Amino acid sequence: MNIKDFRFEGKGRFSLDDVRTSLDIDKDEEPRYEELTAQNTLRMGELQDKLYAEGREGLVILLQAMDAAGKDSTIKRVMSGVNPQGVVVHSFKQPSQTELAHDYLWRAVTHLPPRGFMGLFNRSYYEDVLVVRVHDIWKGYAMPKRCLNDGRDTFFERRYKQIANFEEYLYDNGYRVLKIFLNVGLDEQKERFLERIDNERKNWKFSAGDIDERELWPHYMDAYERAINATATEHAPWYVVPADQKWFARWVVSEAIVDVLEQIDPHYPELPKEAKDTLARSRERLTGEGR
Ligand code: ATP
Ligand code: MG
C-alpha cells in the first residue's frame, strides 16, 4: 500500500465515486497498522524537533470531514509524539461577528503557525466553500452587490481560485499545506452516531444538528468534490483518506505527515565558526573549574 494512492495533486479529475470509504482490511491487521502508526509518530517527533530548531519552514495540516469521521481522535493520536511547544492547534467553528466582518481568509491567517511550527487546523477555511455553499450562507453576507450578484457558481469559483492562490502564496512564503479529507461512509457515520447516543460516555459528542447535516450528505459530497478538484496542486495536495476503519485512517494520516516532513527535510542548524569557538572555550572553562 502506498501513500500516493490517497494523494490527489490536481491531475485529471477526482471523483468521490472512484474512491472507497473502507478498504475492508482484515481486523487481524489492526495491531500491525497500530504499530506502523506508532513508528511514524516517533519519526514525526524527530523531524518536528528539527523543523522547530531550524525555524525555516512551517507546516499547516488541515483536516476536513463530515461529523464523526474521526478528526478529534486522529489529532489526538497523530500528535502524541510531537513536542507541544512546536505545535498550534485551532478549531474552526461558526465564525464570530468579528470574523464575519472580515474577509474569510482573515481568521485562517491569524491562526497560521510561525515558520518552524506545525499548525493543525481542525476544519479550516474550506468550510467557507463547504457548509457555506451547502446552506447558501453566502447569500446573507453583508457584502457589496458586485460580490454576490453573479450567483452561486461564480461566487464559489472565485473562492476556489482565492484559496488556490492563498495556498500558493503560503508555499512561496515558506509554508506547506497538507489537506486531509477523512472520507467516512454514510453507513459508518450512522453507526458512530448511534454509538454516541447509546453510550453515555459519548453522549457529550452528539449534537442533534449533526443529523440535519447528514441529511444533506449528497450536497456535501458535491461540495467536497468541487473543492478538491479546484484546489489540489502538487504543492498543496489533497489526501482523501478511507475513514471507516479508524486505525487505517490514522496510519494514512501519519504516513502523509511523515512524507511531507521528509520533503521539507529539516536539519539542525549548523553553528557558525565563532559560535563553535565559544562552545569550545566554554567547555574548557567548565572542565578546568577548580584546577
Ligand atoms: P465536534 O462536533 O467533534 O466538537 P466540530 O468540528 O463538528 O467538532 P462543532 O462546534 O460541532 O465542531 O461544529 C463547528 C461548526 O461550525 C460546523 O458545523 C462547521 O460547519 C461550522 N463552521 C465552520 N466554519 C464555518 C463558516 N465559515 N461558516 C459557517 N459555518 C462554519
Ligand atoms: Mg460537530
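The values are calculated or read from the model by the stated rules, or taken from the named source; none is laboratory data. Quick caveat: nothing in here was measured; it's all calculated off a predicted structure. Every residue, glycine as well, gets a Cβ built from its backbone with ideal geometry; the counts of neighbours run over all protein chains shown. These area figures cover heavy atoms from the full protein model, side chains too; ligands, DNA and RNA do not enter into them. Shrake-Rupley method; radii C 1.70, N 1.55, O 1.52, S 1.80 Å.
Straight-line cross-link reach from Lys139 at under 22 Å between alpha-carbon atoms covers these lysines, not counting any fewer than eight positions away in the same chain: Lys93, Lys161. The angle between the Cα long axis of helix 186-198 and the main principal axis of the chain comes to about 80°, on a 0 to 90 degree scale.
Backbone amide hydrogens, once placed in the peptide plane, bring Gly116 within less than 5 Å of Arg56, Glu57, Gly58, Leu59, excluding anything fewer than 5 places away on its chain.
Between the C-alpha center of segment 201-237 and that of segment 128-194 there is a gap of 10 Å.
Phi angles across segment 240-246 convert, under the Karplus curve 6.51 cos²θ - 1.76 cosθ + 1.60 with θ = phi - 60°, into 3J(HN,Hα) values of 9, 9, x, 10, 5, 9, 4 Hz, Gly and Pro given as x.
Counting only residues at least eight positions apart within a chain, or on another chain, the aspartates and glutamates with an alpha carbon under 14 Å from that of Lys4 are Glu234, Glu255, Asp259. Among residues other than Thr154 with Cβ under 12 Å from its Cβ, the summed charge is +2 (Lys and Arg +1, Asp and Glu -1). Protection proxy ranking, highest mean first, for peptides 19-28, 129-138, 189-198: 129-138, 189-198, 19-28, where packing is the per-residue count of other beta-carbon atoms within 10 Å, averaged.
For segment 130-136, 3J(HN,Hα) computed residue by residue from phi via the Karplus equation (6.51, -1.76, 1.60; θ = phi - 60°) reads 10, 4, 5, 7, 4, 9, 6 Hz, glycine and proline entered as x. Taking every protein chain into account, the accessible area of segment 3-287 amounts to 54 square angstrom per residue (probe 1.4 Å). Listed values for segment 42-52 are Karplus-derived 3J(HN,Hα) couplings in whole Hz (6.51 cos²θ - 1.76 cosθ + 1.60, θ = phi - 60°), namely 5, 4, 4, x, 4, 5, 5, 4, 6, 4, 5, and x replaces Gly and Pro. Remark on Asn183: its backbone amide H falls under 5 Å from those of Val241, Ala243, a criterion applied only to residues 5 or more positions apart or on other chains, H modelled at 1.01 Å from N.
As a rough guide to protection, the peptides 30-40, 90-100 ranked by mean Cβ packing within 10 Å, highest first, stand as 30-40, 90-100.
Considering only DSSP beta bridges with both partners in the chain, what is the antiparallel share in %, to the nearest 5? Intermediate values should be presented prior to the final figure.
Working: 2 of 25 bridges.
In the chain, DSSP labels about 10 percent of beta bridges as antiparallel.
Other residues with beta-carbon under 12 Å from the beta-carbon of Asn83 carry, at +1 per Lys or Arg and -1 per Asp or Glu, a net charge of -1.
Taking every alpha-carbon pair in segment 3-287 and binning the separations at 10 Å intervals from zero gives 6, 26, 33, 22, 8, 4, 2, 0 percent. Protection proxy ranking for 273-285, 219-231, using the average of other Cβ atoms within 10 Å per residue and placing the highest first: 219-231, 273-285. Apolar share of the accessible surface for the chain: 48 percent from carbon plus sulfur atoms, 1.4 Å probe. Output the pairs from Lys11/Lys202; Lys145/Lys190; Lys50/Lys76 with a Cα-Cα distance over 31 Å in this structure; if there are none, say none. Lys11/Lys202; Lys145/Lys190, as the Cα separations exceed 31 Å there. Of all aspartates and glutamates in the structure, those lying under 17 Å Cα to Cα from Lys205, and not within fewer than 8 positions of it along the same chain, are Asp67, Asp72, Glu188, Glu191, Glu195, Glu213.
Specify whether the C-alpha gyration tensor of segment 34-137 places it in the rounded, prolate or oblate class, a ≥ b ≥ c being the square roots of the eigenvalues: rounded for a/c under 1.5, otherwise prolate if a/b is larger than b/c and oblate if not. Note, shape of segment 34-137 comes out oblate.
What number, rounded to the nearest 500 deg cm²/dmol, is the helix-based mean residue ellipticity at 222 nm of the chain, given -39500 (n - 2.57) per DSSP H run of at least four residues and division by all its residues?
On the way: 12 runs with 142 residues, N = 291.
Theoretical 222 nm ellipticity from helices: -15000 deg cm²/dmol.
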